[in-house]
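Colleague: Pasting a structure here, questions to come.
The values are calculated or read from the model by the stated rules, or taken from the named source; none is laboratory data. Since the model is a prediction, treat every value here as computed from it, not as a measurement. Every residue, glycine as well, gets a Cβ built from its backbone with ideal geometry; the counts of neighbours run over all protein chains shown. Surface areas here come from the heavy atoms of the whole protein model, side chains and all, with no ligands, DNA or RNA. Shrake-Rupley method; radii C 1.70, N 1.55, O 1.52, S 1.80 Å.
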Amino acid sequence: EEVPGSGSPAASRRIASLSSPLRAIIRLRQRYRLQKKGRLHLQLPREKSAEIVHTRLLQRQLSLNKTGMYSPPMSFFNQTSFESSQYFTFDTSLEQHVMKKCRRKKSRRKSRMVLYPDKTKKYLPAEEKSKAKRCLLLLMAIIFFQILNAIENLDDNLQKYDLDGLEKTMHREVFGQKAAVESIVELLRDYLATHIHNKPLVISLNGPTGVGKSHVGWLLAKHFRSVMDNDFVLQYFVLHHCPDGVAPLTCEIDLSRKISDMVTRAEIEEKTPVFILDEVELMSPVLLDTLSRFFEPNQTNEFLNAIYILISNIGGGEITRFVIQNESAELLHQHRGAEELLSIIQPVLRDVHPLWKSADIIPFVLLEKAHVINCFLEQMRREGLYPDQKHVEHLANQLSYYTTGDKQYSRMGCKQVVAKVNL
């Protein structure tokens, strides 16, 4: 409508044509700012993004149609702006942005999928760090240190008893019994490596007279007295501690008391007592029964930690016959020969008393003439005598021998050497 009193109609049309585009530009700028602000804070769901965009496009078209009703020039301007709205608004770009975002998420999802042989899509399992591996490593470390500690304890026990020095001494002073010495040291080393045992160590030295059994017992007693106290070593001679005329029951009570007292003191100080029993073949059955009770495995701990050395001539005749018969075949220097000799001695000892069932039997073989000569030299050295070789051989020839082939075995071993040297 034209306002009365205004200027010419041409001037009013010119003003209207200029003011309508300005108002449209202002409205578009305000709407663009509102849409930009809403796009920053609005997060559209994936499923409804396309519907919301389409609804907003329809609302914008309706608003533009309403503005076109007020003035003809404005409708043309709005139509051109709507056709080119993609350059001025972000409605279309918003839809493209949402579609690109959906495609990007789908592509990311595909990259996390793995195709298995059954053609099904499965997600990879989440990688979880298990604590079992750490526990296993900790357990292995504990076991390693326990084994290392046990090995160090074994070395400490062996160093405490100085078995290396004992072995050197026995090899130097015992002649003709190399295998027996090695067996004794090996048994002692295995037993003394720890202080916890399930049975006592029983070593039986058997052989004919004069072959070095009592000398080995004397060396063992001397060595263990030096590395331990004298209170933990007992040398028991039957003819001395239980002579003829003494009741066997009295000897049995005395022996039991000595063994019990010694093992009790040794257990307190964590040491292993050594009992050297010589002339066992002269013991009465009562004493043998007493010893057999101490050898049993089902005892208290202090009686399990003990070493018993039994010295006797039982089986000496069988050993002598075996050596003489098998000397030519050199069976004595083979492992099979030692096993065969043990199979001969064991039944003889078990017939005497069952206590030898729990003993480690070590046979002492006959001594050759060269070994007897070494016995003469060692005894003369102790007496401070330095004879020549001819004199020593002359003394050795005065003894009696078994002659088999090229070798001579002494009938009495080195038993008469001390008397010959003193004479």
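Colleague: Given the criterion open to solvent by 30 Å² or more (accessible area, probe 1.4 Å) and not hydrophobic (A, V, I, L, M, F, W, C), identify the matching residue among SER204, SER226.
Modeller: Exactly one of SER204, SER226 is open to solvent by 30 Å² or more (accessible area, probe 1.4 Å) and not hydrophobic (A, V, I, L, M, F, W, C), namely SER226.
Colleague: Let me ask something else about it. Based on this model, can you work out whether LEU310 counts as of a type in the set (A, V, I, L, M), in contact (Cβ under 8 Å) with a residue 40 or more places away in the chain, open to solvent by less than 70 Å² (accessible area, probe 1.4 Å) and in contact with a His (Cβ under 6 Å, 6 or more places away or on another chain)?
Modeller: no
Colleague: Scan the range 349-356 and tell me whether some residue there is acidic (Asp, Glu), in a helix (DSSP H, G or I), open to solvent by 70 Å² or more (accessible area, probe 1.4 Å) and in the same structural domain as ARG172 (by the TED database).
Modeller: Yes: the range 349-356 contains one or more residues that are acidic (Asp, Glu), in a helix (DSSP H, G or I), open to solvent by 70 Å² or more (accessible area, probe 1.4 Å) and in the same structural domain as ARG172 (by the TED database).
Colleague: Among the residues of the range 184-204, count how many are within 17 Å of HIS171 (Cβ to Cβ) and in contact with a Leu (Cβ under 7 Å, 6 or more places away or on another chain).
Modeller: 4
Colleague: Say whether the condition of being assigned to a helix (DSSP H, G or I), more than 26 Å from GLN235 (Cα to Cα), open to solvent by less than 70 Å² (accessible area, probe 1.4 Å) and modelled with pLDDT of 90 or more is met by at least one residue in the range 323-341.
Modeller: no
Colleague: Of the residues SER292, SER260, only one is assigned by the TED database to the domain that holds HIS197, touching a helix residue (DSSP H, G or I) at 6+ places or on another chain (Cβ under 6 Å), of a type in the set (Gly, Ala, Ser) and open to solvent by 10 Å² or more (accessible area, probe 1.4 Å); which?
Modeller: SER292
Colleague: Now for a different question. Determine whether the range 137-146 contains at least one residue that is at pLDDT below 90 and either surrounded by 11 or more Cβ atoms within 10 Å (Cβ to Cβ) or touching a strand residue (DSSP E or B) at 6+ places or on another chain (Cβ under 8 Å) (or both).
Modeller: Scanning the range 137-146, I find no residue that is at pLDDT below 90 and either surrounded by 11 or more Cβ atoms within 10 Å (Cβ to Cβ) or touching a strand residue (DSSP E or B) at 6+ places or on another chain (Cβ under 8 Å) (or both), so the answer is no.
Colleague: Six or more apart or on different chains, Cβ under 9 Å: which pairs go from a residue in the range 396-423 that's more than 15 Å from ALA370 (Cβ to Cβ) and in contact (Cβ under 8 Å) with a residue 60 or more places away in the chain to one that's among the β-branched types (Val, Ile, Thr) and assigned to a strand (DSSP E or B)? Could you list them?
Modeller: none
Colleague: Something else: For the range 268-282, check the following and say yes or no: at least one residue is open to solvent by 20 Å² or more (accessible area, probe 1.4 Å), of a type in the set (Ser, Thr, Tyr) and either assigned by the TED database to the domain that holds VAL227 or not in a helix (DSSP H, G or I) (or both).
Modeller: Scanning the range 268-282, I find no residue that is open to solvent by 20 Å² or more (accessible area, probe 1.4 Å), of a type in the set (Ser, Thr, Tyr) and either assigned by the TED database to the domain that holds VAL227 or not in a helix (DSSP H, G or I) (or both), so the answer is no.
Colleague: Separate question: Tell me whether the range 397-420 contains one or more residues that are open to solvent by less than 50 Å² (accessible area, probe 1.4 Å), outside the structural domain of VAL286 (by the TED database) and among the aliphatic types (A, V, I, L, M).
Modeller: yes
Colleague: Take the residues in the range 375-389 that are open to solvent by 60 Å² or more (accessible area, probe 1.4 Å) and part of a helix (DSSP H, G or I), then tell me which one is modelled with the highest pLDDT.
Modeller: Once the filter is applied, the top-ranked residue is LEU377.
Colleague: Could you list, in sequence order, all residues of the range 169-194 that are of a type in the set (D, E, K, R), free of Cβ contacts under 8 Å to residues at least 12 places away in the same chain and under 15 Å from TRP218 (Cα atoms)?
Modeller: Selection gives ARG172 alone.
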